[in-house]
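All remarks here apply to the structure that follows.
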Amino acid sequence: MSLKQRAAKELEIQKKLVGLPPRQIYPSTAFLAIITPILSILVALLIAALILFVSGRDAIFILSEIFRTSFIQNFAETVVKAIPLILAALGVALAFRARLWNIGAEGQFYGGVLASTGLALSFPNLPALVIIPLMVAGGLLGGALWGLLPGLLRAKLEVNEIISSLMLNYVALLLTDYLIFGPWKDPEGRNFPVTATFSDESRLPTLVEGTRIHFGLVFAIVAAGLVWLLVGRTKWGFELKVMGDNLKAARYAGINISRNIIIAFLLSGALAGLAGMSEVTGVAGRLQQNISPGYGYTAIIIAWLARLNPWAIIMVAILFGGLVSSGFTMQRVGVSSGLVTLLQGILLFCVLGGESLYRRLLYQAALRRSNLTKES
Amino acid sequence: MAGEIDVVQTLATTVAAGTPVLYATLGEILTERSGVLNLGLEGMMLVGGMAGFAATAVTGNVFIGVLVSLAAGAALALIHAFFACSIGVNQVVSGLSLTLVGTGIAAYFGRSLVGQPAADSFQTIKIPVLSDLPVVGPILFSQNLFVYFSFLLVPALYFFIYRTRPGLNLRAVGENPATADAQGISVVGTRYLYTMLGGALVGMGGASISLGSNPNWQENITAGRGWIAVGLVIFALWNPWRALVGAYLFGGLEALQFSLQVAGVPISSYFLRMLPYLLTIAALVFTQWRLKDQAGRASSAAPSGLGLFYLRRERG
C-alpha cells in the first residue's frame, strides 16, 4: 500500500471514530476565499478609522494618505518591502503546513543578515559573481542555523517550538546589537552603530531603474514556485500536510516525523535568512540597527491570511508591504508607527473572525437541513 | 574583578525583578487551567503597564492606576476569550493577533507618555520587625506592595485551584469540557471568566513594571517578559508554587546581570541580556527531559483540553 493510501485509510478510520473529519486549517470554498478577506479588510479599516477618530485624528485623511503614498505614489517602495515579507512568509507557511509554529522568522531573518554581512565585510575585494552566491549561501545557512535549535528540540524532546523560536528572536537582536556597537562598528562611522558600507560588488543589483527594487524580487518569486512545487507536488510535501492534519495518522503511516520537523525548520529558517540577506545587501548596503521593522512577525500574518498558498502570499505580502512602508507617511502626519502593528493585529482578528463565523453559519445550515430531512 | 557582588542586594533585586513575570505566569496558569491558551501575554502586559501609567498620570493615584491596569488586561483578554471560546478560531493565531494589537495600542496611545516621569509609584515599604531580620529582612520584607501581594497570591491561587469547589470546576473545564458540561458547569462561561481574570493579573504584571520596579514608560518596556511567562507556565507544570520558582530564576538572572555589570565583570552586557531568553529555553528542555519517560512529556501535565475549542454537539 502506498503512503497516500495508508494515510487516506487512517483518516477514514478517524472519521468513523470521531464522527467528523479532522479540522482543516483552511476552508476550501472559493467564494469564502475571496469574499472573507475583502470584507475583513474593510472591517479592519473601519476599526482603525474609529481608533484614529477617538484619539482626535482626521481618520479619513490619514488612511487615504497612507493608501495614496503606499499604493500609488511610492508603489515601488511597497514592492521593496514586500520582498523580505514574501520570503519570510514562505518559510513560515512551510512550517505551518505541518502545524509547526515557527514564530522565530524574525531571528532567522537576522541569522541570514549576520551571515551575509560577515561575508561582505570579510571579503570586500571579491567579484560579484563570487561574493553574491557566497552571500546567498551564507544567508540561507545563517537562517537555517537559527531555525535548527527549535526544530531539533521539538523533534527530539517535544519542547514547545513557539517559545523556543521566539526566545531566539531576542537573542538574535542582541547579538546584532553587540556586533554593530562593537566589533563590526564602522571606524569611520562617527560612532553611529552601523557597519562599514559594503563594496559595490557585494550589493544585489537593482532590478528596475530609478527604484530600489532589487534582485531579491527574483529570489522571492523563484522561492514561491519552489515552495509550491515542494508542498503541493512532492511526497515530502504530502507528508508535511498529513502531519499537520493528523499527527497520529502520520505516525501510523510510517512518516519519519522527527526528521521532517527538523527539515521543515531548517528550510523555514533558510527562507527567512534569504530574506535577511536580500534586505541587507539589496536595500541598506550595510548593517544598521532595526534593519527589520518586524518583518518576521508580519510574515506570520501574511502566511496565515494567504492560507499558506505561495502565490497568495505574494499578493498579501504586497498589501502588507504597503502597510510597512506607510510607517514613514505616518511619521509625516504625526501618528505613532504603533498604528501599523495595531492595524496588523486588527486585520488578523477580522479575517479570523470572518472565516470562523462563516464556517459556523455553514455548519448550522447543514445541521438544520439534516434535522429537516429526519423529521419529514 | 573591580568590585564584589553584594549577594543580599542581588537576591532582593531577584525578587523585585521576578515579580512582574510572576504575575504574568500566574495569570496564564489561571487561563490555561480552564483550557484556553492565550499567547497574547506580551500585548496584555504592555497595555496594562501603559494604561496603569497613564491613569496614574491623570489621577495622581497609583491605586487607580492598578485598577485600570487590571481592567485593561481583562478587556484585552475578553477579545481573546470571544475568539477562542465563542467562535472557535485557532487559539495560537488569536493569541498572536492579541500580541500585535496590544503592542500596537501601547505604542500608539503611549507615545505621549514616553520620557515622562511617573506621577506616583509604589515605594519600598519596610515591614516593621520583619525587615530587621538579617538576610531575609532586606530580601523579602523591604519591597513594594506588588511584591507583598504576590506573596499572598501564590498560596491563595494554589489553595483555590486544588482545594476549593470552584477550583475543581475550573480544572474540570480545562481537563474534560464535555464531562464538566454534563455536570452542569458552563464551559464557555468558566473559560470567559478565567481568561479575563488571568488577563487582569497579566495586566497588573505590566503595571508592576511601569508603576513599581521601573517607574517610567517606554515602548516595549516588557522586553519579552510576556513570552517568557508563557514558557514558565510549562516549566511550572501549571502549578503556582513552581511558577514562583520559575519567576525568581528569571529574576535572578536579571539581578545577576545587573550585579555583574556593577562589579565590572568584563562580559559584554549584550550577552548577559541574552541569558533570560536562553534560560527560558533551557527551562523548557529541562522540564521535557525530566518527564522523558512519561508519554507526551509535559503535555501529559497540561490540561487535556488546552487550546481546543469546545462546541457542545447536540445529537438527535
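The values are calculated or read from the model by the stated rules, or taken from the named source; none is laboratory data. Note that this is a predicted model, so its numbers are computed, not measured. FYI the Cβ positions are ideal-geometry reconstructions off the backbone, even for glycines, and counts take in every protein chain you see.
A quick yes/no check of all residues on (1) surrounded by fewer than 24 Cβ atoms within 10 Å (Cβ to Cβ); (2) away from chain B (no Cβ under 11 Å):
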site	(1), (2)
A:PRO293	yes, yes
A:ILE302	no, yes
A:ILE313	no, yes
A:VAL340	no, no
A:CYS350	yes, no
A:ARG359	yes, no
A:TYR363	yes, no
A:SER370	yes, no
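If you take the residues of segment B:255-269 that are within 14 Å of chain A (Cβ to nearest Cβ) and out of contact with any Gly (no Cβ under 8 Å at 6 or more places or on another chain), which of them is farthest from B:THR19 (Cα to Cα)?
The extreme case among them is B:PRO266.
Among the listed residues B:VAL89, B:VAL101, B:VAL47, identify the single one that is among the hydrophobic types (A, V, I, L, M, F, W, C), crowded, with 23+ Cβ neighbours inside 10 Å and assigned to a loop (DSSP other than H, G, I, E, B).
Of the residues listed, the single one that is among the hydrophobic types (A, V, I, L, M, F, W, C), crowded, with 23+ Cβ neighbours inside 10 Å and assigned to a loop (DSSP other than H, G, I, E, B) is B:VAL89.
Going through B:ALA71, B:ALA77 one at a time, which residue ends up being modelled with pLDDT of 90 or more and either crowded, with 22+ Cβ neighbours inside 10 Å or within 14 Å of chain A (Cβ to nearest Cβ) (or both)?
The conditions single out B:ALA77.
Looking only at helices (runs of 4 or more DSSP H) that lie completely in segment B:104-223, which have at least 3 residues being touching a Lys or Arg at 6+ places or on another chain (Cβ under 7 Å)?
Values: elements: B:136-140, B:145-163, B:165-175, B:177-182, B:187-208.
Because the criterion is at least 3 residues that are touching a Lys or Arg at 6+ places or on another chain (Cβ under 7 Å), the helices (runs of 4 or more DSSP H) in segment B:104-223 that meet it are B:165-175.
Can you name every one of the helices (runs of 4 or more DSSP H) wholly within segment A:3-94 that holds 2 or more residues which are at pLDDT below 85, of a type outside the set (Gly, Ala, Ser) and closer than 30 Å to A:GLY276 by Cα?
It comes to A:30-54.
Search segment A:315-338 for residues being of a type in the set (A, V, I, L, M, F, W, C) and more than 14 Å from chain B (Cβ to nearest Cβ), and hand back the single one that is surrounded by the fewest Cβ atoms within 10 Å (Cβ to Cβ).
Per the criteria, the residue is A:PHE328.
Quick check on this structure: which one of A:GLY282, A:GLY232 is among the small types (Gly, Ala, Ser) and without any contact (Cβ under 8 Å) to a residue 40 or more places away in the chain? Full working, then the answer.
Details: A:GLY282 fails: without any contact (Cβ under 8 Å) to a residue 40 or more places away in the chain.
Answer to the check: A:GLY232.
Would you be able to say whether some residue in segment A:145-160 is closer than 30 Å to B:LYS292 by Cα, within 11 Å of another protein chain (Cβ to nearest Cβ), surrounded by 21 or more Cβ atoms within 10 Å (Cβ to Cβ) and basic (Lys, Arg)?
Yes: one or more hits.
Only residues that are over 16 Å from the mean Cα position of the chain (by Cα) and aliphatic (A, V, I, L, M): list them for segment B:37-74, please.
Within segment B:37-74, B:ALA51, B:ALA54, B:ALA55, B:ALA57, B:VAL58, B:VAL62, B:ILE64, B:LEU67, B:VAL68 meet the criteria.
How about segment A:184-223: which of its residues are in contact with a strand residue (DSSP E or B) (Cβ under 7 Å, 6 or more places away or on another chain) and not in a loop (DSSP other than H, G, I, E, B)?
Residues satisfying the conditions are A:VAL194, A:THR206, A:HIS214.
Scan B:TRP227, B:TRP238 and give me the residue that is crowded, with 18+ Cβ neighbours inside 10 Å, on the phi > 0 side of the Ramachandran plot and within 18 Å of the chain's Cα centre (by Cα).
Only one candidate qualifies: B:TRP238.
Can you tell me which residue among B:VAL47, B:VAL15 is closer than 20 Å to B:VAL147 by Cβ, β-branched (Val, Ile, Thr) and in contact with a Leu (Cβ under 8 Å, 6 or more places away or on another chain)?
Only one candidate passes the filter, namely B:VAL15.
In segment A:119-131, which residues are assigned to a helix (DSSP H, G or I) and touching a helix residue (DSSP H, G or I) at 6+ places or on another chain (Cβ under 7 Å)?
Once the filter is applied, which keeps residues that are assigned to a helix (DSSP H, G or I) and touching a helix residue (DSSP H, G or I) at 6+ places or on another chain (Cβ under 7 Å), segment A:119-131 yields A:LEU119, A:ALA120, A:ALA128, A:ILE131.
In this structure, does B:ARG273 turn out to be at pLDDT 80 or above and in contact with a helix residue (DSSP H, G or I) (Cβ under 6 Å, 6 or more places away or on another chain)?
yes
Give just the number: which of (1) buried (at least 19 other Cβ atoms within 10 Å of the Cβ); (2) at pLDDT 90 or above; (3) among the hydroxyl-bearing types (Ser, Thr, Tyr) does A:THR234 not satisfy?
All conditions pass for A:THR234, except number (1).
I'm trying to understand the selection: among the residues of segment B:80-101, which are more than 7 Å from chain A (Cβ to nearest Cβ), over 16 Å from B:VAL202 (Cβ atoms) and of a type in the set (A, V, I, L, M, F, W, C)?
B:PHE82, B:CYS85
Being closer than 18 Å to A:ALA82 by Cβ and under 18 Å from the mean Cα position of the chain (by Cα), is that true of even one residue in segment A:324-338?
Within segment A:324-338 (the criterion being closer than 18 Å to A:ALA82 by Cβ and under 18 Å from the mean Cα position of the chain (by Cα)), the answer is yes, since at least one residue qualifies.
Do you know which residues across segment B:259-274 are out of contact with any Phe, Trp or Tyr (no Cβ under 7 Å at 6 or more places or on another chain) and either part of a loop (DSSP other than H, G, I, E, B) or surrounded by 17 or more Cβ atoms within 10 Å (Cβ to Cβ) (or both)?
Passing the criteria: B:SER259, B:LEU260, B:ALA263, B:GLY264, B:VAL265, B:PRO266, B:ILE267, B:LEU272, B:ARG273, B:MET274.
Exactly one of these conditions fails for B:ILE105: (1) away from chain A (no Cβ under 14 Å); (2) within 20 Å of the chain's Cα centre (by Cα); (3) not charged (D, E, K, R). Give me its number.
Result: B:ILE105 passes all but (1).
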